[in-house]
Each structure stands twice: as C-alpha cells, then as structure tokens.
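Rule-based calculations on the coordinates, nothing more; no lab input. Just so we're clear, the structure is a prediction, and the values are computed from it rather than from any experiment. Using ideal geometry, Cβ is built from the backbone for each residue, glycine included, and neighbour counts are taken over all protein chains shown.
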Amino acid sequence: MAWSTRELAELAGTSLRAVRHYHDQGLLPEPPRASNGYKHYGVRHLIQLMHIRRLVDLGVPLADIPTLDPSADSYRETLELLASEATAEIDRLVVVRGKIAQLLEEPEAWEMSSGTTGSADGDFLTVLSQVLDEDSLQAWRQMGDSIPDAQVVADFENLPEDASAEVCEDVAVRMTEAVRDGLAASPELRDPRFGEDTSRTLGTRSIGEALVELYSPAQLRVLARCHELLSAG
C-alpha cells in the first residue's frame with residue numbers, strides 16, 4: 001500500500017506545494033516511483049513529513065531542520081530558544097489584548113488610535129505625546145483639565161476665522177488668566193522637557209507645525225497674544 005503526493009499531504013495536514021518545497025530543500029527524501037511514473041510514499045515519508053511540519057509549526061527555520069538531531073544538545077537548545085521566543089510573544093500579545101480592551105472601553109482611545117480625535121486640541125495633544133517626556137505631558141494634560149473658565153475654552157474653540165481684533169483680544173486676555181493659573185501650578189511647562197528620542201529642535205518645530213496646521217489664523221493670533229501677555233508678566 002502506498003500513498004500519492006496528494007494523499008500524503010492530506011494525511012500530514014499540509015499542501016502539495018509544501019511537500020514539493022520540502023523535496024526541493026532536501027528535507028524530505030524522494031520516494032520510489034511506480035511503473036507509471038507516479039510517486040509512491042510510505043510510512044517513513046509520512047512520519048518524516050509530520051516531523052518537518054511539527055518543527056515548522058514551532059518556528060524552526062527550514063534551513064536548521066537538517067541539523068536538528070533529537071539526541072544532540074543543540075536540539076534542546078533550539079527548543080529552549082523557541083520556548084523563550086514564544087514566551088516573549090505571549091507577553092506581547094497580553095499587552096496587545098490590554099490595549100484592545102482599552103479601545104473597547106474608552107471611546108476617546110478609539111479616536112486617538114485612528115490618527116485624529118476630531119478636535120484641534122485633541123490632535124495637538126497627540127503630537128505633544130510624541131515629543132514631550134511623560135512628566136511634561138502629564139503636566140500639560142493636568143493644566144488643560146484644570147482651567148476653571150470653561151467658557152473661554154469654548155470661545156477659543158469656536159472662534160470664527162474672521163473674528164475681529166476686539167473679540168480676539170477679549171479671548172486672549174481671559175485665556176491668559178486661565179493659563180497663568182495653570183502655569184503657577186505646573187511651572188515646568190514654561191520650559192517643557194522633550195522625550196529622550198526627541199531633540200529640542202525637532203520637538204519645538206513639531207509643536208510649531210502642529211499649531212499652524214490645527215488652529216485657524218484667528219486662534220493663532222489669540223495664542224500669540226497670550227504668549228505676549230504671559231511674557232510681560
């Protein structure tokens with residue numbers, strides 16, 4: 001009783017293409033052929049093919065399979081290395097699962113992951129998260145959350161692009177007072193620190209580009225005026 005290539009592949013749970021590839025790589029010996037030219041595989045081939053498939057499923061590179069002798073120390077070392085890599089991958093997937101759970105539980109996290117939060121302030125915070133160190137970023141978030149004058153924040157967000165100089169000045173003065181209180185609680189924000197992998201030049205330029213891209217000319221005038229008022233004391 002002998003099996004065809006297709007039958008061997010089916011028994012081993014693999015494909016014709018894989019069987020032929022293992023032949024080409026010298027991993028699976030060629031079987032004898034019948035008088036009609038068809039290959040006839042036996043039990044020895046099936047067991048060898050199952051062994052190859054088992055090692056491949058474990059992550060052993062095809063090039064290493066011929067050198068793996070179950071009686072050799074290198075065999076155990078290879079399996080121990082694969083076990084270590086599998087443990088690292090499991091740890092990575094646990095972290096991924098946690099992040100997915102966060103995305104499912106927090107709608108705002110979904111917005112952040114999509115590349116835009118739908119608001120200029122949220123997108124600006126996303127840019128800050130890439131350039132500031134964790135302490136400065138946390139201080140920035142706390143200042144934003146602690147601004148007592150919610151109306152001035154709303155007025156700034158809804159500022160028309162053609163807002164008059166008088167309207168911009170009013171918003172700037174009120175916003176300055178709110179920001180001044182925040183800076184008093186978090187003075188480090190006057191000279192925020194950048195992340196270890198972000199140079200001050202890149203960090204400063206990135207913040208400037210984010211401001212220009214995310215905020216309207218009227219809002220930028222307000223921010224510039226706030227800076228003037230804060231610098232003046």
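Numbers below:
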quantity	calculated
DSSP H segments from the chain that extend 27 Å or more along their own axis, Cα-based, with Kyte-Doolittle mean of -0.5 or above	73-105, 165-185
Size of region 115-231 as Cα extents on the principal axes (Å, biggest first)	42, 29, 24
Residue order, fewest to most beta carbons within 10 Å, for Leu220, Leu159	Leu220, Leu159
Sites Asp73 and Ala2 - FRET efficiency at Förster radius 41 Å, r taken between beta-carbons, to 0.05	0.65
Qualifying chymotrypsin sites (Phe, Trp or Tyr not before Pro) in region 1-69, DSSP loop, other Cβ atoms within 10 Å at most 14	Tyr38
Within the chain, longest stretch free of exposed GluC sites (Glu not before Pro) [DSSP loop, at most 15 other beta carbons within 10 Å]	1-160
Cα convex hull of the chain - mean projected area over all directions, nm²	21.9
R0 of 45 Å, Cβ-Cβ distance Glu85-Glu166: FRET efficiency to nearest 0.05	0.10
Spin-label model distance (nm) - Ala34 vs Gln48, 7 Å beyond Cα toward Cβ	2.1
Rg/Rg_globular for region 5-67, with Rg_globular taken as 2.2 N^0.38 Å and Rg from C-alpha atoms	1.09
Charge sum, other residues only, whose C-beta stays under 15 Å from Asp57's C-beta, Lys/Arg counted +1 and Asp/Glu -1	-1
